[in-house]
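The values are calculated or read from the model by the stated rules, or taken from the named source; none is laboratory data. Since the structure is predicted, the reported quantities are computational estimates derived from the model, not experimental observations. No Cβ is skipped: glycine too gets one built from the backbone with ideal geometry, and neighbour counts run over all protein chains shown. Accessible surface is based on the protein model in full, side chains and every heavy atom, while ligands, DNA and RNA are left aside. Shrake-Rupley method; radii C 1.70, N 1.55, O 1.52, S 1.80 Å.
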Amino acid sequence: MSAAAAAATATRTELVARAGRFPVRLVTTWGAALSVLGAVLVLETLAGPRAARVWQAWHVNFLFWTGLAQGLVVFAATLKLAKGHWAGLMIRFAESAAAFLAVSLALYLGVVWGRAAIFSWLAERRPDLGAWLTSKFFFLRNGLIYLGLTWLSWRFVRHDLAPDLREVGGGPPADRLEGRDAIARDAALLVVAYAFGYSLLAFDLMMSLAHKWVSNLFGAFYFMGSFLAALMALAVGTIVLRRRMGLETLVSRKQLHDLGKLCFGFTVFWAYLMWAQYLVIWYGNLPEETYFLFYRLIGPWRPVGVAVFLLVFLLPFVGLLGVKPKQSPPIFLAFALVSLVGIWLERYLEIVPSINGGAGPALGVPELGVTLLFAGLFLLSLGWFAARYPMLSPRLAADTLERERH
């Protein structure tokens, strides 16, 4: 059935019914299995000589998964501000990541608990920075940033959920413009807070790990990389879930193409930010700046650096360059997964060389265990959200289908 025919036959009642067809049990089961397996591996490793690698991997995964979840909610907010009606069938997938943001507040305590294995400046004080890098002030302000962004995210999502909750609960069909002003206000505040807050988090939680290395662009590089990860994760979620939710005929090739163009565009933008950062450091040729890049491009870390460039930029750029790959669910899914693996490796490359005492890359049981734990918790939070809230907005889906039909 074509998208136009589907739009004609998909009544509001059918959209309400499909809002409850999310595979909660399947997602929760997978989340629980991954969480338990990851927790067992983490606890087993913490009892041995590789405990420091657990906390390093914890930091990598915390910054990757929290950035991805926040980027998803920010993408939904961006759609509201840009009036992106084309994404009405998938916007709730993005908003559901707000559930993981609440979980990440607890996971942040793991960063605090394992701080001795992560932040070298705790033992080597930086008097040149005054009180900025002192333990209490450092962890308190970053915790408050996460808390504030989580609150802003949930406020935005709750306002967008309210009309759908009434309709799915048996009320009359909600108007697509209901609550528009409040939703737009919350979206604007969230987007601005995301850019500012995640820049500070990048400076504190990653840049401070490398002794006296400074890049004014690093904050933007982190939050835009997280936004790219969010787009790729949304593509994965949309492609995987549309069949189980009965949305195959509604999420059209045109909508996938629009999402694919965003993924492609922000892949190029990621490369632009990377090059802009590299070019200035290379041209200035100052030892206190060049060591950060050269250490990751020469010697044992070079394969990881090359892999990041290939997985985040080159392969998705070539693979998603044409129209057909963006419209083909299997191909789009493959390149989205490749990009997500590359962005995870990018976080690993940014963090671990600064804190592992000059050792080369080591990817094994500690890293696998922590990654499985975080992935499982992400799926569990998604299942928790889907069990309580509609994973399809009937009013926004109907708007998308109506516009696509005409």
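When you count the other C-beta atoms within 10 angstrom of each residue and take the mean per peptide, 41-48, 394-401, 260-267 line up highest first as 394-401, 260-267, 41-48.
Between the range 106-120 and the range 242-279, the C-alpha centres lie 33 angstrom from each other. The count of lysine pairs in the chain whose Cα atoms are under 18 Å apart, excluding pairs fewer than 8 places apart on the same chain, comes to 6.
Gain on full extension, evaluated as 0.36 nm per residue between Val318 and Ala271 minus their Cα-Cα distance, stands at 15.6 nm. Between 0 and 90 degrees, the angle of helix 394-405 with respect to the longest Cα principal axis of the chain falls at about 80 degrees.
Ranked by the mean number of other Cβ atoms within 10 Å of their residues, highest first, the peptides 55-61, 132-138, 71-77 fall in the order 71-77, 55-61, 132-138. Between the Cα long axis of helix 135-168 and the first principal axis of the chain there is an angle of about 10°, rounded to the nearest 10. For the range 97-215, the equivalent ellipsoid derived from the alpha-carbon gyration tensor has semi-axes of 39, 15, 9 Å in decreasing order.
Accessible area per residue for the range 1-135, computed on protein heavy atoms with a 1.4 Å probe, is 43 Å².
Taking all protein chains into account, the per residue accessible area for the range 228-275 stands at 38 Å² (1.4 Å probe).
Once the Cα-Cα distance is subtracted from the 0.36 nm per residue extended length, the Ala17 to Leu177 segment shows a gain of 55.5 nm.
Remark: the Cα gyration tensor places the range 108-153 in the oblate category, a/c being 1.5 or greater and a/b not exceeding b/c. By the Kirkwood approach, averaging reciprocal distances over each pair of separate Cα atoms, the range 1-126 gets a hydrodynamic radius of 18.2 Å. Per residue, the range 281-360 exposes 47 Å² of accessible surface when a 1.4 Å probe is rolled over the protein heavy atoms with every protein chain present. Only protein atoms count toward the accessible area here, which uses a 1.4 Å probe; on the chain, the carbon and sulfur part of that area reaches 69 percent. Centre-to-centre, using Cα atoms only, the range 29-86 and the range 304-337 are separated by 22 Å. The angle separating the long axis of helix 98-113 from the principal Cα axis of greatest extent in the chain is about 10 degrees. Full extension of the chain between Ala39 and Arg126 gives 27.8 nm of extra length, using 0.36 nm per residue less the Cα-Cα distance.
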